[in-house]
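What follows is a single structure, written as structure tokens, with notes after it.
The values are calculated or read from the model by the stated rules, or taken from the named source; none is laboratory data. The structure displayed is predicted, hence computed values, not measured ones. With ideal geometry, Cβ positions are generated from the backbone for all residues, glycine too; neighbour counts draw on all protein chains shown. For the accessible areas, the whole protein counts, side chains as well, though only heavy atoms, and no ligand, DNA or RNA atoms are used. Shrake-Rupley method; radii C 1.70, N 1.55, O 1.52, S 1.80 Å.
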Amino acid sequence: MNRSKINWVERARALVPQLAEEAASTDREGRFVTGSHALLAKEGFLSALVPTELGGGGARYGEAVGMLRELARGCGSTALALSMHTHLVAATVWKHIHGKPGEKLLRRVADEDLVLVSTGAGDWLQSNGRAERVNGGFRVYGEKHFASGLPVGSLAITSIAYDCPDEGPSVLHFPLPLAADGVKTLNNWDSHGMRGTGSHSLLIDGAFVPDAAIALKRPREGWHPVWNVVLTVAPALYMAPYMGVAEAAAELVRARSATDIDEVTLLQLGEMENRLTGAQLALDALVDLARDFDFSPDTARAGRCLTAKTLVAQGCLAAVEKAMEIAGGAGYLRGRGLERLLRDVRGAPYHPLPEKRQQVIAGRLSLGLSPV
């Protein structure tokens, strides 16, 4: 697999000041990071992870994680919206490398700046909605939540529950053009943090999905091997922005504490560093488990990735909360920047899987049981 000579982490670092210029206003107004997204598209970040032989940037997996982490230092919402697109690209890269369909979609991402929108966090195992069999395909109906990047999205990678008359309750997975008839964006993303991600709900009301577009049909109950791929390549990418947010918060309070040091502040700084380091080590573990796409998917690996994701979320949230404690009342002021970082990092626990659901899976795997 050919690799480009672009250093995507350094390229991301260079854009941080520009992203920061828009971050405060998009947060305040609750609008999508339009200007920052356009900048990333212009600089090739949408296709950074696409192999060079398919027209992309050829970034290694760890590089993609690093670039998202850096971008979040300027704007968490910009980095998170890009990560939602990038983790779908990552799953497709794994398929392509391992001889499965994916080349056509990757070429489109590179050639057309195609923006992929995920609905997987809300769908999870059982999905929702309904599909009706019609001539040549299906009519699909449903409401999909937390579709990050929807204002600039091109193609939703989604799923729908289907009561198959032959095989019983099933789930259909397919790409859905966002410009198709029967597809509508519900402008309802008014959130506590990560306010610029444009994670509106997607309404699907009778859109037609041809048979040829169905990428996977699986039982609605139980664990399907597809999750062993997704949960190995995705978590590091969608947790990297939270890592960048936590690191930005730590940098702010280090700079402000350097001129006013006392024993209590030193203790608080040490606590913050421990939480931050724990999160960093867990993120490193996620990158290692993905092996730059050179892995055979298995449930044990997916389970470890879920556990590491929880550790990243816990550490990032604890580190930023400690940073607020160090800053004191001044950190509560919006103009200082720390308050927004705290609101942004609070989204980390909600990505697949939330802690308690992850712990159930970890417990089952520890006893040699299936994940669900």
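Results, tabulated for the structure shown:
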read-out: From the C-alpha gyration tensor of segment 31-131, square roots of 5λ in Å; value: 21, 20, 13
read-out: Rounded accessible area per residue of the chain, 1.4 Å, Å²; value: 43 Å²
read-out: Using alpha-carbon coordinates, inclination of helix 76-97 to the longest axis of the chain, degrees; value: 40 degrees
read-out: Rounded to 10°, Cα long-axis angle of helix 103-112 versus longest principal axis of the chain; value: 60 degrees
read-out: Accessible area of W189 in the full protein assembly, 1.4 Å probe (Å², nearest 10); value: 60 Å²
read-out: For q = 0.18 Å⁻¹, Debye-computed log10 I/I(0) when each Cα of segment 215-278 counts as one equal scatterer; value: -0.76
read-out: Scaled radius of gyration (Cα, divided by 2.2 N^0.38 Å) that segment 89-231 gives; value: 1.04
read-out: Environment charge at R73 (Cβ cut-off 10 Å; Lys +1, Arg +1, Asp -1, Glu -1); value: -1
read-out: Around K322: net Lys/Arg minus Asp/Glu count, Cβ-Cβ under 11 Å; value: -3
read-out: Normalised alpha carbon radius of gyration of segment 218-337 [divisor 2.2 N^0.38 Å]; value: 1.32
read-out: Calculated [θ] (222 nm, deg cm²/dmol) that DSSP helices of n ≥ 4 give over the chain, each run adding -39,500 (n - 2.57); value: -17000 deg cm²/dmol
read-out: Inter-label distance, nm, simple model (7 Å from Cα along the C-beta direction), E325/A300; value: 3.8 nm
read-out: Solvent-accessible area, 1.4 Å probe, carbon plus sulfur percent, for segment 45-199; value: 47 percent
read-out: Contact order normalised by residue count of the chain, Cα under 8 Å, 6+ apart, percent; value: 17 percent
read-out: N188/W124 FRET efficiency (R0 22 Å; Cβ-Cβ; nearest 0.05); value: 0.65
read-out: Separation of the E355 and S370 label points, Cα + 7 Å toward Cβ, nm; value: 2.9 nm
read-out: Inter-label distance, nm, simple model (7 Å from Cα along the C-beta direction), A258/E29; value: 3.4 nm
read-out: Dipole of the chain [Lys/Arg +1, Asp/Glu -1 at C-beta], most positive-end residue of G122, Y238, G182; value: G182
read-out: Volume in Å³ per residue [convex hull over Cα atoms, computed for segment 1-75]; value: 77 Å³
read-out: Greater than 22 Å apart at Cα, pairs in K95/K356; K144/K184; K104/K144; K309/K356; K100/K217; K104/K217; value: K95/K356; K104/K144
read-out: Debye-sum result for segment 98-143 in log10 I(q)/I(0), which assumes one identical scatterer on each alpha carbon, at q = 0.18, 0.27, 0.33 Å⁻¹; value: -0.89, -0.91, -1.03
read-out: Where R31, R340 fall by accessible area, highest first, once all protein chains stay in place (1.4 Å); value: R31, R340
read-out: Per-residue SASA entry for I326, accessible area with 1.4 Å probe, Å² rounded to 10; value: 30 Å²
read-out: Percentage relative contact order, segment 122-245, counting C-alpha pairs under 8 Å, at least six apart; value: 29 percent
read-out: Rounded to the nearest 10 Å², the accessible area of L88 at probe 1.4 Å; value: 20 Å²
read-out: Segment 53-71 versus segment 151-205: alpha-carbon centroid distance in Å; value: 26 Å
read-out: Kirkwood Rh and Cα Rg combined as Rg/Rh, segment 304-372; value: 1.17
